[in-house]
Amino acid sequence: MSHPENATVFLKDKARAKWHDETLWIVREKRDATIHQIPEWEKLRELASQIKDHTLSKLDFYLEELERNATANGIKVHWAENAEEHNQIIGRILREKNCKTIVKSKSILTEECHLNPYLAERGVEVVDTDLGERIIQFLKQPPSHIVMPAIHLKKSDISDIFHEKLNTEKGNVDPVYLTHAARLHLREKFLQAKVAITGVNFAVAETGEFVVCTNEGNADMGVHLADTHIACMGIEKLIPRRKDLGVFLRLLARSATGQSITNYNSHFRSPSPGKELHLILVNNGRTKQLGREKFRNSLKCIRCGACMNTCPIYRRSGGFSYGSTVPGPIGSILSPGIDLKKYSTLPFASTLCGSCSDVCPVKINIHEQLYEWRQEITKANGSSLKGLSMKMANGIFKSPLAYRISGQLMRASLKNLPDSIIYNPLNAWGKGRNLPDLPEESFKAWYKKNRP
Ligand code: SF4
């Protein structure tokens, strides 16, 4: 289904859509409040943007440096060209360990690679340990937001899910009670798992270490209890030096949730004695995106989610309306690069207001790339209804006579035509919107009469 179709489904529940919009806006406001405490915020953004630009321009060099240093630290480094290879590497490690249950902290990359269904088909139970992810896992849903995966659910929904899955008291919506139940449930899973999977927020080429950021400490809990840690990272999650980390850690938490720092920023440099540490470097279309000059800098994204929280379309249409692993403005410029046809409606799910670019901590020109994708998609699609109407508008706007006549015709006819004709199924704009009252005369006619 296209974005407009999915959005229509979401908007059927008006009260929930309003609540979703307001909830995301609260997160945006929190972000604003925290960044205003830092006078050098804009300098940090600029610096982060430059570090990422530099890294992307020498990505091969830094990736090899990371591999060398990580290997010297005792980390087993693997390269995966695509999602399938990524899943196969994990499957192989689990087979060698005869492992049937794993714990996994939040990783958008494993969502992108569809790791959970891959492992489920092979008899491996994957337990997502981030609270939001565990909730949607109970529902067999994908995340609707990259930082707050269950943001589309209310406390009452979660209470119902926990009542069904964890046997909690019916109707108890107390967050402390519910999180306590989740903690007991997850602790059991942590104790059983021999392998823990995490994502990677930043990998440092200079030291061969990587950093995982969580607010719940679930990545640390899983990794410390398991014998084997597998970390999965997209090849763009790289920074050259350890001293660059401070720039990104300060930007990430503030942009994501309005916190001054994420609760746990855990550094992994080498395996603990007697344990194994694997790092999988995944391409899955990233080098292709790197080769697209206009869209290259979308790879600077640090997955903070700020562009989603501010986007008037995301807030009002919900994460599932995008139908892609990464929703919202950044998803709308990444996804067409993966499958132009499937995601062709996403770049149009934007007002092009530029708010996404304004909040982006690494200064990605998101709204400009959305506009660029629109042009690519229009070219690829050939003639369309919209293209035809634009051609007609072009003919009308370039001839003053045609413009005057069409204005007169529309003013006369729109007043008298029945709604069933004006708001016909071809009029996508008119779905959920009404035309304003029409003026009696054109501005030109009014000006002629009234000018001094
Ligand atoms: S594009 Fe920018 S604002 Fe959006 S998630 Fe990525 S880093 Fe955050």
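Once you reduce the stretch 389-444 and the stretch 55-114 to the center of their Cα atoms, the two points are 56 Å from each other. For the stretch 154-175, backbone nitrogen atoms closer than 17 Å to the point 7 Å from residue 23 Cα along Cα-to-C-beta are found at 154-163, 172-175.
Ranked from largest to smallest solvent-accessible area, with a 1.4 Å probe on the protein heavy atoms, 313, 280 come out as 313, 280.
For the stretch 129-161, the residues whose backbone nitrogen is under 18 Å from a point 7 Å from the Cα of residue 259, taken along Cα to Cβ, are 129-135, 145-151.
Pair-distance distribution of the stretch 1-93: all C-alpha pairs, bin width 5 Å, starting at 0; shares per bin in whole percent are 2, 9, 9, 9, 11, 9, 12, 19, 13, 5, 2, 0.
Among the cysteines of the chain, those with no neighbouring cysteine Cβ under 4.7 Å are 99, 113, 213, 232, 301, 304, 311, 353, 360. Normalising the average separation of contacting C-alpha pairs (under 8 angstrom, six or more residues apart) by the number of residues puts the relative contact order of the stretch 131-195 at 23 percent. Multiplying the residue separation of residue 433 and residue 96 by 0.36 nm and subtracting their alpha-carbon distance yields 115.4 nm. Computed on the Cα atoms alone, the convex hull of the chain gives a volume of 187 cubic angstrom per residue. Here r is the Cβ-Cβ distance between residue 15 and residue 72 and R0 is 41 Å; the resulting FRET efficiency, rounded to 0.05, is 0.10. Using alpha carbon coordinates only, what is the Rg to Rh ratio of the stretch 386-450, with Rh defined as the Kirkwood radius? The Rg/Rh ratio comes out at 1.00. On a per residue basis, the chain carries 51 Å² of accessible surface, using protein heavy atoms and a 1.4 Å probe. Largest accessible area first, the listed residues 148, 392 line up as 392, 148 when surface is computed with a 1.4 Å probe on the assembled protein chains. Legend: calculated FRET efficiency, residue 422 to residue 272, from the Cβ-Cβ distance at R0 = 56 Å, rounded to 0.05, equals 0.20. Taking one quarter of the surface of the C-alpha convex hull of the stretch 38-284 gives a mean projected area of 13.5 nm². Carbon-plus-sulfur accessible fraction, the chain (probe radius 1.4 Å, protein heavy atoms only): 55%. Residue ranges 25-37, 249-261 sort as 249-261, 25-37 when ordered by packing (mean number of other C-beta atoms within 10 Å per residue, highest first).
Between residue 398 and residue 61, the simple label model (points 7 Å from Cα in the Cβ direction) yields a spacing of 4.8 nm.
The values are calculated or read from the model by the stated rules, or taken from the named source; none is laboratory data. This is a predicted model, so every value here is computed, not measured. All Cβ positions, glycine included, derive from the backbone under ideal geometry; neighbour counts span all protein chains shown. Accessible surface areas use protein heavy atoms only, side chains included; no ligands, DNA or RNA. Shrake-Rupley method; radii C 1.70, N 1.55, O 1.52, S 1.80 Å.
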